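Below you'll find the structure, written out as structure tokens, and then a few comments.
The values are calculated or read from the model by the stated rules, or taken from the named source; none is laboratory data. Just so it is clear, the structure is predicted and the values come from calculations on it, not from any experiment. FYI the Cβ positions are ideal-geometry reconstructions off the backbone, even for glycines, and counts take in every protein chain you see.
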Amino acid sequence: MNEKEKTTPKKEFPYLEILKKSATIVWQNKFLWWFGLLIALGSPGSFNFSGNDNQMEKSGQFMDTIKGHWQIVLVVALVFFALGIILYLLSLIAKASLIKSVYKINLGKKASFREGWKEGKKYLGKLFLLGLLTGTVIIVVLLVLATPAVYLFIIRSWISAVILILLAVAIFIPLAFVIAVTAILAEYYIVLSDLKVWSAIETGYNLLTKNISKNIIFSLLMLAAGMAFGLLFLPFIVLALAIGAPTGLLLYSLNKIVFGVFIGIAILVALVAVLSLASVFIAWKKTAWTLFFQEIAKVAKPEAAETAIEKETEKQIAAAPASPPVSLKGENLGGSEKA
């Protein structure tokens, strides 16, 4: 009688466990919310403003005001630009701090805001350079894809221009995915393995290609979570309009100064509410990416890391995080931890 071959069922990737554990970590370590707040404040495109027809009608008057007080406008613009740069740099430190803190927590170690911030500052330069390279690549790709379509529009070849735009979009979406996820994974190699920027990009790309299906699924989960988070605001917006609109009209009819104060307070309350919720969500999202990275990095083959090590002549660097890889339960999976 022939022996039956024992086949071990393939273990499913713990997507839901990652999301649940991320929520638990963020809820039990509320100092991570402050990192999330700083990331939210320093993220490009966090706040969008739109105009209406009335604003467009007043644009000429607004431009006249700017021309008459251009020195003040220039100073204000420079101040806001400097503030934006400062917030962006703080967001990079907060990002590294959150990654490092979550990694420690998953190892069963204690973490705090002060310790995380102290360690996060070490990676500011590398993360800034990574962001600069990523942004430059995306801009170059957009220019290469958009230039032919713009030219066709200029020469009024409408049908060819539309076809080319559709083709450019079809090319840009997968390219943007690869660039964005590679940059995310590179962040973890920079913070957790102290790789140089280019080595982190190469190793992150290799990790992406060897786990392409997992990265696509997890990215879609994060996208769905972001959309769900946005939908959470709809009931609050409806409630705010139902209460605020009649109250505002009543105050406007009584006293315009009181109405102005009411609008200011309403805007302030709305900003605090949005930033509070956003800080928690961003902390959870970044925590989930950290656990996801640890999960795919622990099973990744070491070839990519060995390539990076050969290029790093100054010191030996492990491709997996600086401490031994751990499972979602915090178990040590082997290897020695750096002193």
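Tell me, yes or no, whether the stretch 100-120 has at least one residue that is surrounded by 13 or more Cβ atoms within 10 Å (Cβ to Cβ) and outside any helix (DSSP H, G or I). Yes, because at least one residue in the stretch 100-120 is surrounded by 13 or more Cβ atoms within 10 Å (Cβ to Cβ) and outside any helix (DSSP H, G or I). Residues satisfying the criterion are absent from the stretch 272-295 (criterion: over 20 Å from the mean Cα position of the chain (by Cα), at pLDDT 70 or above and over 18 Å from Phe31 (Cα atoms)).
Just to be sure, is Ala96 of a type outside the set (Asp, Glu), at pLDDT below 90 and closer than 30 Å to Leu41 by Cβ?
Considered against the rule, which asks whether it is of a type outside the set (Asp, Glu), at pLDDT below 90 and closer than 30 Å to Leu41 by Cβ, Ala96 comes out as no.
Residue pairs whose Cβ atoms lie under 8 Å apart, sitting 6 or more positions apart in sequence or on different chains, and linking a residue in the stretch 126-152 that is free of Cβ contacts under 8 Å to residues at least 40 places away in the same chain to a partner that is of a type in the set (Val, Ile, Thr) and part of a helix (DSSP H, G or I), are Val141/Ile179; Leu145/Ile171; Ala149/Ile165. Of the residues making up the stretch 152-163, those that are in a helix (DSSP H, G or I) and exposed (fewer than 13 other Cβ atoms within 10 Å of the Cβ) are Ile154, Trp158, Ile159. Contact annotation: residue pairs with Cβ atoms under 9 Å, 6 or more positions apart or on different chains, pairing a residue in the stretch 213-234 that is within 15 Å of Phe281 (Cα to Cα) and in contact (Cβ under 8 Å) with a residue 24 or more places away in the chain with a partner that is assigned to a helix (DSSP H, G or I) and hydroxyl-bearing (Ser, Thr, Tyr), are Leu221/Tyr15.
Only one of Tyr205, Tyr188 is more than 27 Å from Val144 (Cα to Cα), modelled with pLDDT of 90 or more and not small (Gly, Ala, Ser); which?
Going through Tyr205, Tyr188 in turn, just one is more than 27 Å from Val144 (Cα to Cα), modelled with pLDDT of 90 or more and not small (Gly, Ala, Ser): Tyr188.
If I ask for residues that are among the β-branched types (Val, Ile, Thr) and either in contact with a Gly (Cβ under 8 Å, 6 or more places away or on another chain) or surrounded by fewer than 19 Cβ atoms within 10 Å (Cβ to Cβ) (or both), which ones from the stretch 198-218 would you list? Within the stretch 198-218, Thr209, Ile212, Ile216, Ile217 meet the criteria. For the stretch 60-73, indicate whether the set of residues that are at pLDDT 65 or above, aromatic (Phe, Trp, Tyr) and within 16 Å of the chain's Cα centre (by Cα) is non-empty. No, that holds for no residue.
The listed residues are Ser253, Ser199, and the only one of them that is in a helix (DSSP H, G or I), out of contact with any His (no Cβ under 9 Å at 6 or more places or on another chain) and modelled with pLDDT of 75 or more turns out to be Ser199. Screening Leu89, Leu132, Leu166, Leu143 for residues that are surrounded by 13 or more Cβ atoms within 10 Å (Cβ to Cβ), over 17 Å from Asp194 (Cβ atoms) and not polar (S, T, N, Q) leaves exactly one candidate, Leu89.
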